[in-house]
Amino acid sequence: MQNKKGLSEIVATLIIILLTLVAVGIIWVVIKGVVTSGTNQISVTSECTAINLNAVSVNESSPGIYDVTLHRSSGGDNTLAGIKVNIFNDTTSSGPMDFGTLNLLDQHTVSLNTSTATLVTGGNRIEYTPFFKDSSGNEQLCSGTQSFSF
């Protein structure tokens, strides 16, 4: 009869090592996901704080159609994906409409038609928010919405 005690100790040691490696792998995946999502959020926040947008003028050219002029000052880089604009009167909001994008030191006037969202006539205020796109192509709105009364 052979003594197989030495062989079973080696197998037990290998199983413990494999279980340890699997546990470390699972923990690494979880930690990497948390760190990566935190890094993306920090990146978007820092980009948002660097963007300087100013509303220059807003005119209602015809009922529900507004010519909105925005100016982008220096600051930030050119990764701005666009700007969402919301037009308000005393009782109604148009909902977010896409203004387009502005490069550094640009100023554009865009006609926004509120009838494609919620018709707003007699508007007296806009809110505008820049946004970026993350690595997955999803829009990441900045938390700092600015307002302009006209």
Would region 100-111 turn up any residue that is of a type outside the set (Lys, Arg), over 16 Å from the mean Cα position of the chain (by Cα) and farther than 19 Å from residue 52 by Cα? yes
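Yes/no per residue for (1) farther than 27 Å from residue 136 by Cβ; (2) modelled with pLDDT under 85:
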residue	(1), (2)
5	yes, yes
17	yes, no
44	no, yes
50	no, yes
53	no, no
61	yes, no
65	yes, no
Taking only pairs six or more apart or across chains, which ones have beta-carbon atoms under 6 Å, a first residue in region 115-128 that is at negative phi and at pLDDT below 95, and a second residue that is surrounded by 13 or more Cβ atoms within 10 Å (Cβ to Cβ) and assigned to a helix (DSSP H, G or I)? 120/114
Top-ranked residue in region 122-150 [being touching a helix residue (DSSP H, G or I) at 6+ places or on another chain (Cβ under 8 Å), among the polar types (S, T, N, Q) and loosely packed, with under 14 Cβ neighbours inside 10 Å; ranked as nearest to residue 102 (Cα to Cα)]: 143
For region 41-113, please list each of the strands (runs of 3 or more DSSP E) lying entirely inside it that holds at least 1 residues being free of Cβ contacts under 8 Å to residues at least 60 places away in the same chain and of a type in the set (S, T, N, Q). 53-62, 65-72, 82-88, 107-113
Whichever residue in region 129-150 is more than 18 Å from residue 46 (Cα to Cα) and of a type in the set (Phe, Trp, Tyr) and, among such residues, is nearest to the chain's Cα centre (by Cα): 148
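The values are calculated or read from the model by the stated rules, or taken from the named source; none is laboratory data. All values derive from a computational prediction rather than experimental measurement. Here Cβ is always computed from backbone atoms with ideal geometry, including for glycine, and neighbour counts include all displayed protein chains.
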